[in-house]
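Below is one structure, written out as structure tokens, with a few remarks after it.
Just so it is clear, none of the values below were taken in a lab; they were calculated from the coordinates. Please read these numbers as outputs of a predicted model, since none were measured by experiment. We place every Cβ from the backbone using ideal geometry, glycine too, and count neighbours over all the protein chains shown.
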Amino acid sequence: MSDVSAQVRDFLVTRRNRLTPEAAGLPVYGGAHRRVPGLRREEVALLAGMSVDYYVRLERGNLGGASEAVLESLASALQLDDAERAHLYDLARASSGGRRRTPPAPGRVRPSILRVLDAMPGTPAYVRNGRFDVLGANLLGRALYSPVFESPLFAQRGPVNTARFLFLDPAARDFWPDWDRVADDSVSFLRSETGRSPHDRVLTDMVGELTTRSDDFAVRWARHDVGFHRSGVKHLRHPVVGDLALPYEAMDLAADPGLRLNVYTPEPDSPEQQALALLASWADVPTTL
């Protein structure tokens with residue numbers, strides 16, 4: 001079985017197992033004697049309006065050639081959210097030999113993007129790729145993420161990578177007070193990225209490394225959860241300015257597929273804005289905060 005077929009199988013099985021007949025609006029047969037934690041294959045087939053044999057074929061990893069109508073029926077039957085639906089379509093394209101997305105070259109950000117970062121001196125900002133490699137940051141962004149940039153993990157091996165820091169450096173649990181949620185979000189994004197870029201060997205190698213070296217990562221990776229995580233609030237515990245609750249926006253760069261600009265935007269006159277002003281002073285960052 002190919003890697004993509006295995007991803008399809010495991011994704012569909014985990015989505016099926018989490019959905020109970022009650023939640024799907026189906027009568028429950030078998031009671032305590034049911035041998036599956038969620039829906040049976042025939043129940044998914046019924047909900048999706050397809051034959052059991054065809055659904056079994058899909059669940060074995062044979063998504064190649066499935067029509068949009070079939071994928072939509074499957075997504076509806078399994079009650080997939082937007083991120084899960086996008087992941088299903090990514091897997092279908094990969095199964096069909098769809099066009100590969102070439103990952104951005106490590107360590108390269110266009111000069112114009114670097115100028116954009118530097119033009120926001122009072123706002124922490126950085127650019128990363130889908131593997132969580134930090135490819136560029138302004139001075140305040142580097143100061144905010146100083147525990148990551150200064151990690152011994154990257155003393156002799158680059159680039160700086162927030163996923164490796166998260167799972168392989170014990171200091172990550174101090175930097176992110178809500179470490180479990182950050183870990184869940186990071187793994188779900190990486191799982192989505194493997195669907196978008198199934199032929200990215202560097203990504204595959206990194207996932208293999210983290211699975212081998214971190215039980216916390218391996219457990220989360222086996223769940224096959226996916227997510228977008230485009231905005232929200234990040235809770236950080238900085239060694240200089242203490243606890244922060246920073247709203248963030250994560251924006252894909254249209255001209256640079258695979259790259260994402262992350263910007264932290266504290267509320268005006270908030271304790272977080274005052275803390276960032278102190279951090280900018282500590283790091284000797286020119287700012288108008």
(request) Could you work out the equivalent-ellipsoid semi-axes for the stretch 111-282, taking the square root of 5 times each eigenvalue of the Cα gyration tensor, largest first, in whole Å? (result) 26, 18, 15
(message) In the stretch 211-253, whose amide N lies under 16 Å from the spot 7 Å out along Cα-to-Cβ of VAL13? List them in ranges.
(response) 219-225
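Given a cut-off of under 8 Å on Cα pairs at least six residues apart, what relative contact order in percent is computed for the stretch 111-282?
Answer for the stretch 111-282 is 23 percent.
What does the charge count near PHE175 come to, summing +1 for each Lys or Arg and -1 for each Asp or Glu among other residues with Cβ under 12 Å from its Cβ?
-2
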(request) For every other residue with a beta carbon closer than 12 angstrom to the beta carbon of HIS224, add +1 if it is Lys or Arg and -1 if Asp or Glu, then tell me the sum. (result) +4
(request) For the stretch 83-205, state what percent of all Cα-Cα pairs lands in each successive 5 Å bin, counting from 0 Å until the bin that includes the largest distance. (result) 2, 10, 17, 19, 19, 16, 10, 5, 1, 0
(message) Could you compute the net charge surrounding LEU39? Neighbours are other residues with a C-beta less than 14 Å from the C-beta of LEU39; K and R count +1, D and E count -1.
(response) +3
